[in-house]
Amino acid sequence: MPESRIELIQGDITHQDVSVIVNAANSGLLGGGGVDGAIHRAAGPGLLQECRKLGGCATGEAKVTGAYDLKAQWIIHTVGPVYKDGKSGEDRLLASCYRRSLELAKELGAVSIAFPSISTGAYRFPVERACRIALGEIKQFLAQNPVPEKVVLVCFDSFTYGHYARLFSMI
Ligand code: ADP
């Protein structure tokens with residue numbers, strides 16, 4: 001069952017012992033605030049040097065780097081949509097972030113992958129709507145693919161965790 005391969009926790013994604021950590025980056029891929037800043041601080045300066053060579057990333061797309069000082073083997077940087085009015089392709093782009101990240105993780109042969117709540121911080125995507133999209137995409141991908149074996153959803157704050165936990169209990 002795909003559901004048993006998904007774990008929900010409240011915590012800091014930089015502390016997760018997984019093969020891949022997903023970064024909710026911005027299109028420049030040169031670091032920023034929120035989870036992006038935390039990942040760059042924890043990974044160390046080598047990450048920014050590698051990111052500089054990537055030439056940015058389009059919204060809804062994803063790119064891989066090494067994970068430097070993190071326990072993980074790789075970081076997948078994906079760029080979530082800025083939420084405008086909910087009618088500007090935001091849902092499709094957010095779904096694409098989860099799907100492209102999982103596809104890249106599969107190509108890498110990653111056993112496990114941890115996601116933050118993409119776009120629901122500075123990019124203001126409503127948490128419940130984002131969570132439904134995240135769970136839907138992840139479930140669909142896992143139903144069709146044996147790798148990655150495990151997906152960890154990491155919620156940083158209790159507000160986000162509460163929303164995810166409620167929807168998670170329904171899947
Ligand atoms: P975005 O610009 O995609 O909205 P943010 O980093 O602003 O990205 O926020 C996305 C989510 O990541 C928010 O729920 C925020 O609380 C969370 N977050 C911030 N720091 C961390 C961290 N160290 N680990 C996991 N999640 C984090």
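No lab work stands behind these numbers, since they all come straight from the coordinates. Since we're looking at a predicted model, the values are computed, not measured. For neighbour counting, all protein chains shown are included, and Cβ atoms are generated from backbone atoms with ideal geometry for every residue, glycine included.
The trypsin sites (Lys or Arg not before Pro) of the range 84-130 that DSSP puts in a loop, and whose beta carbon has at most 16 other beta carbons within 10 Å, are Lys84, Lys87, Arg124.
About the centre of its Cα atoms, the range 2-168 shows a dipole size close to 300 debye [charges on the beta carbon of Lys, Arg (+1) and Asp, Glu (-1) only; nearest 20 debye]. Could you give P(r) for the chain, binned at 5 Å from zero, as whole percent values over all Cα-Cα pairs? Spelled out bin by bin, the chain gives 1, 9, 20, 24, 23, 15, 6, 1, 0 percent. In the range 60-116, the ratio of gyration radius to Kirkwood radius, Rg to Rh, stands at 1.04 when only Cα atoms are counted. From helices alone, the chain scores -12500 deg cm²/dmol at 222 nm; the rule is -39500 (n - 2.57) for each run of n ≥ 4 DSSP H residues, then divide by the residue total. Working note: Karplus 6.51/-1.76/1.60 with θ = phi - 60° gives the range 55-69 the couplings x, x, 8, 6, 4, x, 9, 8, 9, 9, 9, x, 10, 6, 7 Hz, where Gly and Pro are set to x. Amide H contacts of Val18 (H built 1.01 Å from N, in plane; Pro and chain starts excluded): Ala72 sit under 5 Å, all sequence-distant by 5 or more or on other chains. With the charge dipole of the range 17-171 set up from +1 on Lys and Arg Cβ and -1 on Asp and Glu Cβ about the Cα centre, the Cα lying farthest toward the positive end among the listed residues Tyr164, Leu94, Ala143 is that of Leu94. Lysine pair count for the range 2-168 with Cα-Cα distance under 19 Å and sequence separation of 8 or more or different chains is 8.
Computed from the Cβ-Cβ distance with R0 of 41 Å, the FRET efficiency linking Ile171 to Arg52 stands at 0.55. Here the 3J(HN,Hα) profile of the range 143-149, calculated from phi with Karplus coefficients 6.51, -1.76 and 1.60 at θ = phi - 60°, is 5, 9, 9, x, 10, x, 5 Hz, Gly and Pro shown as x.
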